[in-house]
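Only one structure is covered here, and it is reproduced in the block below.
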Amino acid sequence: MIPAIAVRRLDKRFGATRILRGVDLMVEPHERHALIGPNGAGKSTLFNLIAGAARPSAGRIELYGADITRLAPAAICRRGLARSFQTTSFFAKLSVFDNLRCAAQIANRDRMRWWQRYTATREGDGHAEQVLEAVGLAERRDVIAGTLSYADQRALDLGLALASGAHTLLLDEPTAGMNRAEAARAVELIRTATAGRTLLMVEHDMDVVFGLADRISVLVQGEVIATGTPDAIRADPVVRAAYLGDIGDAAQGAAG
Ligand SMILES: Nc1ncnc2c1ncn2[C@@H]1O[C@H](COP(=O)(O)OP(=O)(O)O)[C@@H](O)[C@H]1O
Ligand SMILES: [Mg+2]
């Protein structure tokens, strides 16, 4: 099987410091894969490299078998990989629906011909309506995006990635800054919205990780020290010693 994302022997140096050290990571099509590890391990750096926001010092990145190592972010996005940013990425003065419609239209643009414009626009609107439902913002349809609560803004952010037609999503700490109830809602949203898609996410909340991920990779000091199912990761003595030891209770608690 061709992996959705294949990271091979990836290195990233900042000056003399080697931040990523020969990272190998395989994300299978349609799996939800969590990347965990201590602060400063290089998780966000790895996401930047996959999304094309930074260039690796060595190694290779493939999206469904195609080499994307040297592509610009927009080119990678057009190939169906979307990334949700911590910072807001929508138009604050447009309504929720208009934001989604814009994302859907931009996604359509490449496929469109001038004589198809009218149909394509209607298709884009239909798609935006579906996404609106999928991310639970139907009741916020005509609200100005900048006035949404933080949790709803994150939901819109996810919606924009879906509206762009992405088949592969990178989410960096999607529940950061949320309270328990908001985080629980975000998890359900991510679960339903990513069905049939591929998800790679960084997450610190072990309840979220162990509840959502099909597989987990553990990054410590720029190296992937383990990849496996939640049960295998929870039981892995190397992982416990290097990372989960600190937060073992959370990992344990998520089992129940
Ligand atoms: N642009 C940069 N220049 C220099 N060092 C950086 C840069 N970006 C990240 N780093 C360093 O790389 C290491 C990994 O950072 P990061 O990828 O953000 O870790 P994580 O997301 O796992 O917490 C940190 O030590 C950080 O200070
Ligand atoms: Mg980070």
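The values are calculated or read from the model by the stated rules, or taken from the named source; none is laboratory data. Note that the structure is a prediction, hence the values are computed from the model and not measured. Positions of Cβ are generated from backbone atoms using ideal geometry, with glycine treated the same way; all protein chains shown enter the neighbour counts.
Here are a few things to note about the model shown:
- Picking from residues in region 1-22 that are small (Gly, Ala, Ser) and assigned to a loop (DSSP other than H, G, I, E, B), the one that is farthest from Arg79 (Cα to Cα) is Ala16.
- Tally, over region 191-223, of residues that are within 21 Å of Pro29 (Cβ to Cβ) and either β-branched (Val, Ile, Thr) or more than 14 Å from ligand 2 (Cβ to nearest atom) (or both): 17
So that you can scan it fast, the table gives a plain yes or no per residue for (1) touching a strand residue (DSSP E or B) at 6+ places or on another chain (Cβ under 6 Å); (2) of a type in the set (D, E, K, R):
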residue	(1), (2)
Leu189	no, no
Ala193	no, no
Leu200	yes, no
Asp205	no, yes
Val209	yes, no
Ala213	yes, no
Val220	no, no
Thr227	yes, no
Ala241	no, no
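- Within region 36-48, residues that are more than 15 Å from Ile61 (Cα to Cα) reach partners that are part of a helix (DSSP H, G or I) and within 7 Å of ligand 1 (Cβ to nearest atom) with beta carbons closer than 6 Å, at six or more positions or on different chains, in the pairs Gly37/Lys43.
- When restricted to residues that are more than 12 Å from His33 (Cβ to Cβ) and either surrounded by 23 or more Cβ atoms within 10 Å (Cβ to Cβ) or in contact (Cβ under 8 Å) with a residue 60 or more places away in the chain (or both), region 168-185 contains 5.
- Within region 156-165, the set of residues being crowded, with 24+ Cβ neighbours inside 10 Å and either of a type in the set (Gly, Ala, Ser) or assigned to a loop (DSSP other than H, G, I, E, B) (or both) comprises Gly159, Ala161, Ala163.
- Subset of region 1-18 [surrounded by fewer than 18 Cβ atoms within 10 Å (Cβ to Cβ) and within 15 Å of ligand 1 (Cβ to nearest atom)]: Asp11, Arg13, Phe14, Gly15, Ala16, Thr17, Arg18
- Output for region 219-243, where each listed residue is hydrophobic (A, V, I, L, M, F, W, C) and in contact with an Asp or Glu (Cβ under 8 Å, 6 or more places away or on another chain): Val224, Ala226
- Residues in region 54-69 that are surrounded by fewer than 17 Cβ atoms within 10 Å (Cβ to Cβ) and either more than 16 Å from ligand 2 (Cβ to nearest atom) or under 16 Å from the mean Cα position of the chain (by Cα) (or both): Arg55, Ser57, Ala58, Arg60, Gly65, Ala66, Asp67.
- In region 34-53, the condition of being more than 30 Å from Gly146 (Cβ to Cβ) and more than 16 Å from ligand 2 (Cβ to nearest atom) is met by no residue.
- Looking only at region 116-129, residues that are at pLDDT 90 or above and surrounded by fewer than 19 Cβ atoms within 10 Å (Cβ to Cβ) come to 1 in all.
- Any hit, region 223-238, residues being of a type in the set (D, E, K, R), at pLDDT 90 or above and part of a helix (DSSP H, G or I): yes
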